[in-house]
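The values are calculated or read from the model by the stated rules, or taken from the named source; none is laboratory data. The shown structure was predicted, so the numbers you read here are calculated from the model rather than taken from an experiment. Cβ coordinates were reconstructed from backbone atoms using ideal geometry, including for glycine residues, and neighbour counts include every protein chain displayed.
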Amino acid sequence: MGKIYTAIGLMSGTSLDGVDVSIIKSDGNREFSSIFDRYFEYDEELIQKILNIREKITNPDKLNKYSDEIKNLERKITLFNVEAVKETLEISKSLVDLIGFHGQTIFHYPEKKITKQLGDGKLLSQLVKKKVVYNFRQNDLENGGQGAPLTPIFHNVLANKINNKFNLGFPLNILNIGGISNITSTVDWKSSGHILDDINAYDIGPGNCLIDEWIRKNSKKKYDKDGLLARSGTIDKLVLNQALENFTENYNYEKSLDVKDYDIFFAKGLSLENGAATITNFTATLIANGMRHAHRISPQTINRWLVCGGGRKNKYLLDSIKYIFKQINIEPIDQYEVDGDFVESQAFGYLAIRSFLKLPISFPNTTGCKESCTGGEIVKNF
């Protein structure tokens, strides 16, 4: 066992609701413990500014066109994270070695090796007086990867800790339903060979992004709590089947996904409830198809699926996935002493430690990079 570091992980997901903050301890390898987790919600004004700029950036040229607006918003988001870190340190009384700062994604275009997360690591380091690791995705893109998903190596740590305590057996599969959904097929540390290279992971489709967008644009709510609106509606099967036909043709699981790869236009004209039901089933079908794809690659992966991310709270979405793919055993990861709300923020604390130690965070079977590589820029600006 190497030196144990204490790190803060900061994660702002594609759901645009706020910042998850976690304090973790790890050696950057197999040792890991969760110390503290807290959620800091964006105010409505900040959410709207992020939504507006994300909708404006439709191609790389727009990053230059709106550069002033982007810089101003990046400063606001960074200062929000500064306050979240200061409050977390004050409450937790933890001595922290470094911070993993993901930032807020507004544009992701791996074909051109471009990804933009709003978050000024240098400013954060200056104001909280800690080393900061940020810009996690760019090095993977430079090495031929998709820049996502980056959390699979941490999913593998959690799976092994869960198995050691609850003896669930392998393979254990992690389904993360955030704004976008991704899956990780983890491997047993006790197995031989190049273990990290055997982890398989990929984005599989939308998670909460379409459902949240529909609810935001057609009601005064931010999301469909427990999937109750969708459950009260009726699926428009004609609309659903047409949308699935359009989206599933030539579907590529080797490509990372962005919320801009999808839209809710196909549900135009439906009532709030029927649109929610139809979009939720569209989402559930793409997730189930991704899980089936994992099963085809490795038939034993049907064994057990643990779900994390905000989408696990949408009971109608999970019920729909189970109905479409009846053979699976799918459970919230919370049943095994892991808080499913903070897996991503804990992951970026862990990835920050690995980056600091110059250990790989991306692998050919997780992001499609040519060879395993580290990532993240490390800054000390105080």
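Worth a mention:
- When every residue of the range 261-280 is checked against the conditions, at least one turns out to be at pLDDT below 95, farther than 24 Å from LEU229 by Cα, within 20 Å of the chain's Cα centre (by Cα) and outside the structural domain of TYR109 (by TED's automatic domain parsing).
- Any chance GLY144 is in contact with a His (Cβ under 8 Å, 6 or more places away or on another chain) and either under 14 Å from GLY376 (Cβ atoms) or surrounded by fewer than 20 Cβ atoms within 10 Å (Cβ to Cβ) (or both): no
- Elements of type helices (runs of 4 or more DSSP H) contained in the range 212-298, each with 2 or more residues being without any contact (Cβ under 8 Å) to a residue 40 or more places away in the chain: 237-248, 272-297
- Taking the criterion of being over 17 Å from LEU257 (Cα atoms), in contact (Cβ under 8 Å) with a residue 24 or more places away in the chain and not basic (Lys, Arg), the residues of the range 160-184 that qualify are ASN160, ILE162, ASN163, PHE166, LEU168, GLY169, PHE170, PRO171, LEU172, ASN173, ILE174.
- Sole residue being touching a residue at least 12 places away in the same chain (Cβ under 8 Å), among the β-branched types (Val, Ile, Thr) and assigned to a loop (DSSP other than H, G, I, E, B), chosen from VAL187, VAL157: VAL187
- Filtering the range 15-37 to residues that are in contact with an Asp or Glu (Cβ under 8 Å, 6 or more places away or on another chain) and either surrounded by fewer than 18 Cβ atoms within 10 Å (Cβ to Cβ) or among the hydroxyl-bearing types (Ser, Thr, Tyr) (or both) leaves SER15, SER22, SER34.
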